[in-house]
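Right, one structure below, let's go through it.
The values are calculated or read from the model by the stated rules, or taken from the named source; none is laboratory data. Computed from a prediction, not measured in an experiment: that's the story for all the values here. Neighbour counts are summed over all protein chains in view; Cβ atoms, including those assigned to glycine, are modelled from backbone coordinates with ideal geometry. Please note that ligands, DNA and RNA were not included when accessible areas were found on the heavy atoms of the full protein model with its side chains. Shrake-Rupley method; radii C 1.70, N 1.55, O 1.52, S 1.80 Å.
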Amino acid sequence: MDVESLVRAMPKVELHVHIEGTLEPEAAFAYAGRNGVTLPYGSPSEMRRAYEFTDLQSFLDVYYAASSVLLTRRDFYDLTWDYVERAAAENVRHVEVFFDPQTHLARGVALSSVVRGIACALSEAHGRWGISSALIMCFLRHLPEEDAMKTLRQADGYLHLIDGVGLDSSEIGNPPAKFQRVFAEAREKGLRVVAHAGEEGPASNVADSLDLLGAERIDHGPRSMDDPALVERLARDRVCLTVCPLSNVRLRVFDRIEDHPLKAMLDAGLAVTVNSDDPAYFGGYITENFLASVRGLGLTAEDVRTLALNAIEGCWLDEAGKAKLRAELDEVFASS
Ligand code: ADE
Ligand code: ZN
């Protein structure tokens, strides 16, 4: 099998996907129609054509505006179901999904509609395709820590459905130190911790996410490569980095896929993985992220296998679940 066929066939673990980032323009128009919300575009194709981003903030402005069509539990269920259908078709076996409660609470949407809608679709995906999942509640770092704290406490009734907390939105000007107390409280509640860092912001945000927030994985993290001592630490401690190549190009972190440091990160011994971030906005889901990386960076079959193994190692399945995925992966690569 050639490398691209291996990418398509192999079992995959997705560790960085924002459920709001899977909102395709057609679905946005459908939800807008049934909810009586007006979008600032005439059609789904016009909406898609507007996706020309200059940086993270220019994307976030569009992304938060589009999320205004999500109002009911059914919207969150349908959104998540559409995503898992695609994931199943791409041989995703395990997914850890982010959601942004504050975006929705601010519009008067009940947290129960958001969490129960998403969790119900994820549970049905397990029954239908055997896709396992975890749910990660992200705090918006452009808002004050008190807002995040209020949200964390509001989630008390849903902690049986939530596995961890994350930190996303505008990285520059909103360092990890701003959120130390809320992450300490989340850890006390038994929640696991991840954080976006080193996407647009400096390498120091990566170290601070580990040291000040207790993050066990770093979402994105390519700017870690600016600091050799940090690279050494991340490699030594096998810190999983959930890299999103198409996102980084579309948000102009790197001009072209050929300039992306994914291959250099692998060669430096980092526990990097390939993920899709906001696939409805960035031109593809997990398979497309792998294929773009293979084509742009000349990844070998061995590189692809390492990336897939890193995701299995870094995910929150128990050891038996991980062993099952490793065996499936071995089978695909052995038959190549
Ligand atoms: N929220 C959704 N996508 C994001 C990204 N790439 N960075 C930070 N926050 C986000
Ligand atoms: Zn992200």
Exercise. If only one of Leu143, Leu79 is at pLDDT 95 or above and more than 16 Å from the chain's Cα centre (by Cα), which one is it?
Worked result: Leu143
Exercise. Looking at region 163-213, which of the residues that are away from ligand 2 (no atom under 16 Å from the Cβ), on the phi < 0 side of the Ramachandran plot and in a loop (DSSP other than H, G, I, E, B) is farthest from the chain's Cα centre (by Cα)?
Worked result: Lys189
Exercise. For region 192-227, how many residues are within 13 Å of ligand 1 (Cβ to nearest atom), within 18 Å of Cys315 (Cβ to Cβ) and acidic (Asp, Glu)?
Worked result: 1
For this session: State all residues of region 201-248 that are more than 26 Å from Glu188 (Cβ to Cβ) and free of Cβ contacts under 8 Å to residues at least 24 places away in the same chain; if no residue qualifies, say none.
Result: Pro228, Ala229, Glu232, Arg236
Seminar exercise, completed: When region 122-160 is checked residue by residue, the ones that are closer than 17 Å to Leu111 by Cα, open to solvent by 50 Å² or more (accessible area, probe 1.4 Å) and outside any helix (DSSP H, G or I) are His160
Problem set entry | Cβ-Cβ under 6 Å pairs, at least 6 apart or on other chains, region 89-100 side under 18 Å from Asp318 (Cβ atoms), far side aromatic (Phe, Trp, Tyr) and open to solvent by less than 40 Å² (accessible area, probe 1.4 Å) | none
Seminar exercise, completed: Of the residues in region 12-56, those that are out of contact with any Leu (no Cβ under 9 Å at 6 or more places or on another chain) and within 11 Å of ligand 1 (Cβ to nearest atom) number 4
Seminar exercise, completed: For region 238-251, the count of residues that are within 12 Å of ligand 1 (Cβ to nearest atom), among the charged types (D, E, K, R) and over 17 Å from Phe290 (Cβ atoms) equals 0
For this session: Quick one: Glu185 ticks every box in (1) away from ligand 1 (no atom under 16 Å from the Cβ); (2) acidic (Asp, Glu); (3) within 24 Å of Val231 (Cβ to Cβ) except a single one, so which number is it?
Result: (3)
